[in-house]
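In what follows, a single structure is set out as structure tokens and then discussed.
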Amino acid sequence: MFTWFHKLASPPYFYLLAERLVPWFAWASLLIILAGLYGGLWLAPPDYQQGDGFRIIYIHVPSAWMSMFAYAVMAVAAAIGLIWRMKLAHAVSAAAAPLGASFAFLALVTGSLWGKPMWGTYWVWDARLTSELILLFLYVGYIALNQAFEDQRTGDRASAILTLVGSVNLPIIHYSVQWWNTLHQGPTVFVGTGSDIAPGMLVPLLVMIAGFMLYFAAFVMKRIQVEVLRRERNTNWVQELIDKP
Amino acid sequence: MKLAALVRRDLLLAYRRRGDVATPVIFFVMVTALFPLALSPEPALLRTLAPGVIWVAALLAGLIGQGSLFKSDYEDGTLEQLLLSPVSLELVALLRVLTHWLVTGLPLVILSPLMAMLLFYPASAMGMLIASLLLGTPVLSLLGAVGAALTVGLRRSGLLLPILILPLTVPVLIFGARATALASQGEPVAAPLYLLAAMLVLALTLAPFAIAAGLRVSLES
Amino acid sequence: MKSWHEFISMGGYAAFVWPAYGIALVVLAVNALLPGRRQRQLLRELRQRAPRPGQTP
């Protein structure tokens, strides 16, 4: 098994593998997301409380989930990058960060658009939305630090440490915000996130999450290719890559 | 013995640069004084806002002094020597942060009752205010030091450091301000104080590793 | 089943549901197209800098 891990870790191998895999993942994610949207927007029954307004859940929950998943990917990649000094792992972190930030931003926007009809205001200091906002700040911090150094290697390693520090803090932040929120305001019910929602509503949600996961896989790999090219521009395998059309 | 010499050296350096000590303290006083001007001098309002204002001001004052924590040692090569010396870098980092806290964090804690009075914070709760700040400010210093270690190699790291560290200080801010607010209403304060203490222990044990790792990365470049 | 009109109006919440999906479409599209473009840009840039085989710079 270990040789597979080593092979995957070599940039040229990963670059060519990604070149083949990205289209498959991309088209698969498109199909699944369309199926999920059809299920969620057309088939699923309206919510007894929120009517059709709850349908925002089909992008809010998947993007919130992906924003946390992307950070987990970054934390694992940071650890691997620092422990085994694997350049590719840092490229994975650098590739996942903008995607994770986009998902966090999307979760915030859709969350507030969902909040307006439900609570009458675009922003509610709900525990989940607040944690999402802080997660977005962590992403911005990572990206800022990663690009602040001339020597990309130092930038990678410094931001990897920041990611590990952030991942230790994230659960603490989440629970302290939860604690702070229930203190000042009863837990606002985000309908449909528990597993008690009707199957007709839940199935499209799971399909959408699967679609988002595939989307993430496809386009984090494409970004990794870019990050690998940026870091390995002077190596001979990149020269060979360029010479053959 | 070597560690005592290091601590003595740090304190001596801090003493020699007394000016640096004053900046966070003056910043803390000014920021706290701004709020009544911005909001209203009305005691009832200020009393409810006092905990939040004091904690945000202490947090920001603590952060501005952090940028230069390792800067001078990085530039004059002392950091390389420390890296090569048999003393573990983690311990050196911890001592450096604690001496830095003595010089910047502690003055804030000592001054906080005075500022609290400006905001009509009840005198009976001053003890709790000091207790919560005593627990909270070291955590802020430790987190700030992680940011300082990661950005020591950058020319103008001062701008970047708060962006990296502020999200991480949210739990301390939440529980610190909460403890101070509960105290002002005379309610039991145990829960947030225990949590603050737990965060202090966590930061004391884990942060030095992050700081040392950050310094090693910055020195390698 | 549901009429087309009902679907569009989203039970009166159209003003929130459709903008949310619109923004999602934009964010997902940008994140899908941008990396590909940057990859091509980078390859083109590296090709221009690297001398053609047999061509001395």
| Out of all the residues in the stretch B:31-42, which are part of a loop (DSSP other than H, G, I, E, B) and either open to solvent by 40 Å² or more (accessible area, probe 1.4 Å) or touching a Cys at 6+ places or on another chain (Cβ under 6 Å) (or both)? | B:Leu39, B:Pro41, B:Glu42
| query | With respect to the numbered conditions (1) in a helix (DSSP H, G or I); (2) touching a Pro at 6+ places or on another chain (Cβ under 9 Å); (3) touching a residue at least 12 places away in the same chain (Cβ under 8 Å), which one is the sole condition not fulfilled by B:Pro208? | reply | (2)
| query | Looking only at the stretch A:167-176, which residues are within 7 Å of chain B (Cβ to nearest Cβ) and either within 19 Å of A:Val92 (Cβ to Cβ) or of a type in the set (A, V, I, L, M) (or both)? | reply | A:Val168, A:Ile172, A:Ile173
| said: Checking the conditions here, which among B:Ser132, B:Ser221, B:Ser141 is under 21 Å from B:Val92 (Cα atoms) and under 14 Å from the mean Cα position of the chain (by Cα)? | reply: B:Ser141
| said: For A:Leu164, only one of the following conditions fails: (1) within 12 Å of chain B (Cβ to nearest Cβ); (2) open to solvent by 40 Å² or more (accessible area, probe 1.4 Å); (3) closer than 18 Å to A:Ser63 by Cβ; (4) at pLDDT 95 or above. What is its number? | reply: (3)
| request: Could you please find all residues in the stretch B:184-218 being at the interface with another protein chain (Cβ under 10 Å from one of its Cβ atoms), surrounded by 15 or more Cβ atoms within 10 Å (Cβ to Cβ) and farther than 26 Å from B:Val92 by Cβ? | output: B:Pro192, B:Leu195
| So, in the stretch A:126-152, of the ones that are more than 16 Å from the chain's Cα centre (by Cα) and without any contact (Cβ under 8 Å) to a residue 40 or more places away in the chain, which residue ends up nearest to B:Thr205 (Cα to Cα)? | A:Leu145
| task | Scan the stretch A:133-160 for residues that are touching a Leu at 6+ places or on another chain (Cβ under 8 Å), open to solvent by 10 Å² or more (accessible area, probe 1.4 Å) and more than 22 Å from A:Met66 (Cβ to Cβ) and jot them down. | result | A:Ala148, A:Phe149, A:Arg157
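Among A:Ser176, A:Ser93, which is the only one that is touching a residue at least 60 places away in the same chain (Cβ under 8 Å) and surrounded by 21 or more Cβ atoms within 10 Å (Cβ to Cβ)?
Testing whether each residue is touching a residue at least 60 places away in the same chain (Cβ under 8 Å) and surrounded by 21 or more Cβ atoms within 10 Å (Cβ to Cβ) leaves just A:Ser93.
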| task | State which residue pairs qualify: first residue within 13 Å of C:Pro35 (Cα to Cα) and open to solvent by 50 Å² or more (accessible area, probe 1.4 Å) and inside the stretch A:217-245, second residue of a type outside the set (Gly, Ala, Ser) and not in a loop (DSSP other than H, G, I, E, B) in any location, beta carbons under 7 Å apart, and separation of 6 or more residues or different chains. | result | A:Arg230/C:Leu42
| said: From the list A:Met118, A:Met66, exactly one residue is buried (at least 19 other Cβ atoms within 10 Å of the Cβ) and at pLDDT below 95. Which is it? | reply: A:Met118
| helices (runs of 4 or more DSSP H) wholly inside the stretch B:43-115 containing at least 1 residues that are at pLDDT below 90, touching a Cys at 6+ places or on another chain (Cβ under 9 Å) and open to solvent by 50 Å² or more (accessible area, probe 1.4 Å) | none
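The values are calculated or read from the model by the stated rules, or taken from the named source; none is laboratory data. Fair warning: this is a prediction, and the values are worked out from it, not measured in the lab. Cβ sites come from the backbone with ideal geometry, for glycine too, and all protein chains shown count toward neighbours. Just the protein is used for accessible areas: all its heavy atoms, side chains included, with ligands, DNA and RNA removed. Shrake-Rupley method; radii C 1.70, N 1.55, O 1.52, S 1.80 Å.
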